[in-house]
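Working notes, beginning with the structure itself.
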Amino acid sequence: MYLSPDLETLPQRCVSYVVAHEFAHVALGHFGQDFRYADTSWVDRHDERPEEVAADNLVCAWGYSSEDNPVHIDAEVRRLEAEAEDLRIAKEVEAEQQRSVDEWNRRHSV
């Protein structure tokens, strides 16, 4: 079982969930060569992997909250960041439009 040093950056409730999740893999027999990941791209597809879903389900059966799963938290953060970026762009476009209107009014005022 591998626990990343990045866990130190997470709230304790998320660390507890991750540790329980990894123990769930062991309890479910998810170990060996078939369960080694060479890269971390699987994180984005976490909920598409049956063994990850099974481990999450077992962790929840043990009483942990899926809201504490950092994979889900990261997905929500990315969604909120994308929304914030869309809003920032919309505000920039609105400001540019207002500058254009102001410039037109300045040039055409009598």
Could you please let me know if residue 63 is among the small types (Gly, Ala, Ser) and at pLDDT 90 or above?
yes
Could you tell me which numbered condition residue 40 fails, if it satisfies all but one of (1) among the β-branched types (Val, Ile, Thr); (2) surrounded by 10 or more Cβ atoms within 10 Å (Cβ to Cβ); (3) at pLDDT below 85?
(2)
Scan of segment 9-21 for residues that are exposed (fewer than 15 other Cβ atoms within 10 Å of the Cβ) and at pLDDT below 90, ordered by number
9, 11
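The values are calculated or read from the model by the stated rules, or taken from the named source; none is laboratory data. What you see is a predicted model; the values in this text were computed from it and never measured. Glycine also receives a Cβ, built like all others from the backbone with ideal geometry; neighbour counts cover every protein chain displayed.
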